[in-house]
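Colleague: Let me give you the structure first, and then I'll get to my questions.
The values are calculated or read from the model by the stated rules, or taken from the named source; none is laboratory data. Predicted model only: the values in this text are computed from it and were never measured. Here the Cβ positions follow ideal geometry from the backbone for every residue, glycine too, while neighbour counts run over all protein chains shown. These accessible areas exclude ligands, DNA and RNA; they are computed on the full protein's heavy atoms, side chains included. Shrake-Rupley method; radii C 1.70, N 1.55, O 1.52, S 1.80 Å.
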Number of protein chains: 6
Amino acid sequence: MFLVKIRMQFAAAHRLARPDWTDEQNYALYGKCANVNGHGHNYVLEVAVAGDVDPETGMVVNFYDLQKVVEHEIFEKVDHRNLNADVDFLQGIVPTAENLAKRFWEVLEPHIRQGRLYSVTVAEGQSNIATYFGPQPQQVVF
Amino acid sequence: MFLVKIRMQFAAAHRLARPDWTDEQNYALYGKCANVNGHGHNYVLEVAVAGDVDPETGMVVNFYDLQKVVEHEIFEKVDHRNLNADVDFLQGIVPTAENLAKRFWEVLEPHIRQGRLYSVTVAEGQSNIATYFGPQPQQVVF
Amino acid sequence: MFLVKIRMQFAAAHRLARPDWTDEQNYALYGKCANVNGHGHNYVLEVAVAGDVDPETGMVVNFYDLQKVVEHEIFEKVDHRNLNADVDFLQGIVPTAENLAKRFWEVLEPHIRQGRLYSVTVAEGQSNIATYFGPQPQQVVF
Amino acid sequence: MFLVKIRMQFAAAHRLARPDWTDEQNYALYGKCANVNGHGHNYVLEVAVAGDVDPETGMVVNFYDLQKVVEHEIFEKVDHRNLNADVDFLQGIVPTAENLAKRFWEVLEPHIRQGRLYSVTVAEGQSNIATYFGPQPQQVVF
Amino acid sequence: MFLVKIRMQFAAAHRLARPDWTDEQNYALYGKCANVNGHGHNYVLEVAVAGDVDPETGMVVNFYDLQKVVEHEIFEKVDHRNLNADVDFLQGIVPTAENLAKRFWEVLEPHIRQGRLYSVTVAEGQSNIATYFGPQPQQVVF
Amino acid sequence: MFLVKIRMQFAAAHRLARPDWTDEQNYALYGKCANVNGHGHNYVLEVAVAGDVDPETGMVVNFYDLQKVVEHEIFEKVDHRNLNADVDFLQGIVPTAENLAKRFWEVLEPHIRQGRLYSVTVAEGQSNIATYFGPQPQQVVF
């Protein structure tokens, strides 16, 4: 019963606003995060994989393989980008930390071949943190 | 199945000692934390809320609303204070990290209106960390 | 001979690009920082003031007064904003870390009334850091 | 329902390689971590204990007692050592983060007398993190 | 031309207030730091020593020797103490970060036998930082 | 008058010991750092360049160019290596933090073409930090 986690940072701009709402409505809900020209963060991304250790290798999943997947599928597409405008798989959603975590999960999950994806965490700076644990209630054993 | 977390710091003094014990008894149990003139920490407080994302807003709970609740109910009452002497809702308890986490939960819980309070974590510096998960065994699904 | 420093974070979007250059020229120089829709950071801002300690108060400058100045003059104008579009005193410059440090200095300097402004540091995340020490060569004695 | 955690750092060298494999096989699996002369890390070690608070002391377990156990059983044996060559209880295993967490659990578990050992986390730097939750599926109630 | 620095943390309570002033005067100057029951911090202490490297040892000063001096002269006297009441060499001063840095310098300086003491830095948490560079203007060559 | 700094981490093993000394002599001087099988760190490397801002680009030196130089000249040669055995330009020296900073300076200096190299800092973990300011006394103007 192991959990392995990798962590990386990326820098991106975002704006929290529904396109079908007025600026007033968006400011009322999202506050300064609705600023029309966007703002940005050094996001921290954590990807956790649960599983057993392969007794031959001593690993649940090779950290470097996992890093390569996350770099290729997520990091290269979001780093130094505008999350509202530049990222295909984020079109049509408001880029809250929760929605980012959920979409990142959906993008990553098919690529996790050792262990099973356990959670995706997106932190906007050091104070605001969102974790998604997947679409199906999991009976957790730890 | 999301967990959102906010994190903030506060500075406070505390002394670990039971008023009904002698100084010797308190030193024997609490060590240097029983120093009669108190000592202090930059505490880190983390509050986690579990829930589903509102598809309209893309949020479990508005980070700023949650921050405002924690600032108003906890931060303003403990920051730059003496936890043994200055805080109404801490009267009568020894301000260990565990007891702080439990009392903060009890103070915060009635104010969490979106999602449900999942845990309260109190860290004394970076080495000692206590988390309280509430009074009732929860059948966690993630 | 004292140096006192305050540190705070702000989140902002920026794009590195000269408006009088083509996108190709901007990409050639600024790389992924020239992405046309911008990107963002959790910037760290440090402001250092040099001086002697007032023997009456034991302070070079009141940390809270200094914080209030920096919050009012800088933080409130740049936090959750787009540094290319939203900030009056950044119009007409490319918002590199160096240029931000220099403009912040120029904005803050007239408001420092105890001690003298020694340096302004702007960090884009944890890896890239720029410090400005003011317009005039200072003969430093420490 | 509390979780208390202590965190400490140690510096150690390791090499990821199976002695029964060729260097080529080891490089193919472990990449640069198989470098024949080893490399090193400032490992972060976290030990979590679950339990209830003793109403008399306000603690699940005394942080200092827990720290003393971890220092004596783990820290003193691994700090500034070579994990492949110098540590008795690591003989015969490849010192991956997962294997370290598991072996540390097995060493620590008999010494935890208040609460029950919940997890052992070993981080190689800030990017690669492994957590072991013990040999038996635990029905967690929080 | 080298600078070597060690860094450690200690936890302490303090109150900013002049004993010869009224509470009103103290609150007016020191704000919430004047709270009558004190508050506390996890202070960070940095001690920097300048000098040349001994070609035989490759060191300006042995980090462990320097750490032992700072632990013995400062850490053991201030950790988990009340800086207003418990520390001999802090009697009669207001324990601002500036005054702490200055007093720590005066205590440490006679014990630095390799290299020369260059600066003492005291940080209250991560936002407020004070550095003292000694009583005499030094003509710095780096 | 600007200083720009880049910061990166690398993992490496080292042993502090003079080959011409006995183990006893080495232990007497270097303590646990003389452990015969080595130990390791996540080193933090900071490289600072001083200069003026090019008014056309708003930069002292392009952060990415500087990063590429440091990655190519230092990082790729030391990361996940044994500093005693694996690195050409460290042969014949005891790999103390001071000696590493000095040798890194000597390797990097010819490659800094914009601005001038100001300092190289090597930190072993978060507690022990060494900075080298170059071979010649510099009259610093800030």
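Colleague: Residue by residue through region C:19-54, note down the ones that are at the interface with another protein chain (Cβ under 8 Å from one of its Cβ atoms), over 20 Å from the mean Cα position of the chain (by Cα) and not polar (S, T, N, Q).
Modeller: If the condition is that a residue be at the interface with another protein chain (Cβ under 8 Å from one of its Cβ atoms), over 20 Å from the mean Cα position of the chain (by Cα) and not polar (S, T, N, Q), then C:Leu29, C:Gly31, C:Lys32, C:Val53 are the ones that fit.
Colleague: Scan region D:119-142 residue by residue and report those that are modelled with pLDDT of 75 or more and open to solvent by 30 Å² or more (accessible area, probe 1.4 Å).
Modeller: Within region D:119-142, the first condition is being modelled with pLDDT of 75 or more, and the residues that meet it are D:119-136.
Answer for region D:119-142, where residues must be modelled with pLDDT of 75 or more and open to solvent by 30 Å² or more (accessible area, probe 1.4 Å): D:Gln126, D:Ser127, D:Pro135, D:Gln136.
Quick grid of which residues meet (1) within 21 Å of E:Asp52 (Cα to Cα); (2) away from chain D (no Cβ under 14 Å):
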| residue | (1), (2) |
| --- | --- |
| F:Glu56 | no, yes |
| F:Val61 | no, yes |
| F:Glu73 | no, yes |
| F:Lys77 | no, no |
| F:Arg81 | no, no |
| F:Glu109 | yes, yes |
| F:Ser119 | yes, yes |
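Colleague: Hey, can you tell me all the residues within region D:41-64 that are of a type in the set (A, V, I, L, M, F, W, C), more than 30 Å from B:Ile93 (Cβ to Cβ) and either buried (at least 22 other Cβ atoms within 10 Å of the Cβ) or in contact with a Phe, Trp or Tyr (Cβ under 7 Å, 6 or more places away or on another chain) (or both)? Walk me through how you get there before you give the answer.
Modeller: First, pick out the residues of region D:41-64 that are of a type in the set (A, V, I, L, M, F, W, C): D:44-45, D:47-50, D:53, D:59-61, D:63.
Restricting the remaining residues to those that are more than 30 Å from B:Ile93 (Cβ to Cβ) gives D:44-45.
Within region D:41-64, just D:Leu45 meets the criteria.
Colleague: Another one. All but one of (1) out of contact with any Cys (no Cβ under 9 Å at 6 or more places or on another chain); (2) aliphatic (A, V, I, L, M); (3) closer than 25 Å to F:Gly125 by Cβ hold for D:Ala28; state the number of the condition that does not hold.
Modeller: (3)
Colleague: Right, another one. Quick check: anything in region B:49-64 acidic (Asp, Glu) and farther than 30 Å from A:Thr131 by Cβ?
Modeller: Of the residues in region B:49-64, the ones acidic (Asp, Glu) are B:52, B:54, B:56.
Next, from what is left, pick out any that are farther than 30 Å from A:Thr131 by Cβ: none.
No - not one qualifying residue is present in region B:49-64.
Colleague: For region C:75-111, which residues satisfy the criterion of being open to solvent by less than 30 Å² (accessible area, probe 1.4 Å) and either assigned to a loop (DSSP other than H, G, I, E, B) or without any contact (Cβ under 8 Å) to a residue 24 or more places away in the chain (or both)? Steps first, answer last, please.
Modeller: Taking region C:75-111 first, the residues open to solvent by less than 30 Å² (accessible area, probe 1.4 Å) are C:78-80, C:82-83, C:87, C:90, C:94-101, C:104-105, C:107-108.
Within region C:75-111, C:Asp79, C:His80, C:Leu83, C:Val87, C:Leu90, C:Val94, C:Pro95, C:Thr96, C:Asn99 qualify.
Colleague: Another one. Which residue is farthest from F:Gly125 (Cα to Cα), if the candidates are limited to region D:121-137 and must be part of a loop (DSSP other than H, G, I, E, B) and within 14 Å of chain F (Cβ to nearest Cβ)?
Modeller: First, pick out the residues of region D:121-137 that are part of a loop (DSSP other than H, G, I, E, B): D:125-127, D:133-137.
Then keep just the ones that are within 14 Å of chain F (Cβ to nearest Cβ); that gives D:125-127.
On the way: D:Gly125: 9, D:Gln126: 11, D:Ser127: 15 Å.
Ranking the candidates gives D:Ser127 first.
Colleague: Please enumerate the residues belonging to region B:5-40 that are modelled with pLDDT of 95 or more, open to solvent by 10 Å² or more (accessible area, probe 1.4 Å) and in contact with an Asp or Glu (Cβ under 6 Å, 6 or more places away or on another chain).
Modeller: Listed by number, the residues that qualify are B:Lys5, B:Arg7.
Colleague: Also, quick follow-up: Does region D:41-74 hold any residues that are part of a helix (DSSP H, G or I) and among the aliphatic types (A, V, I, L, M), and which are they?
Modeller: D:Leu66, D:Val69, D:Val70, D:Ile74
Colleague: Is there any pair with a first residue in region D:39-57 that is within 28 Å of F:His41 (Cβ to Cβ) and a second that is hydroxyl-bearing (Ser, Thr, Tyr) whose Cβ atoms are under 7 Å apart and which are 6 or more apart or on different chains, and what are they?
Modeller: Hits for this filter: D:Glu46/D:Thr121; D:Ala48/D:Tyr118; D:Ala48/D:Ser119.
Colleague: Taking region A:6-39 only, how many residues are part of a loop (DSSP other than H, G, I, E, B) and closer than 17 Å to C:Lys77 by Cβ? Can you show your working first?
Modeller: First, pick out the residues of region A:6-39 that are part of a loop (DSSP other than H, G, I, E, B): A:15-22, A:35-38.
If we keep only those that are closer than 17 Å to C:Lys77 by Cβ too, we end up with A:35-38.
Total meeting the criteria: 4.
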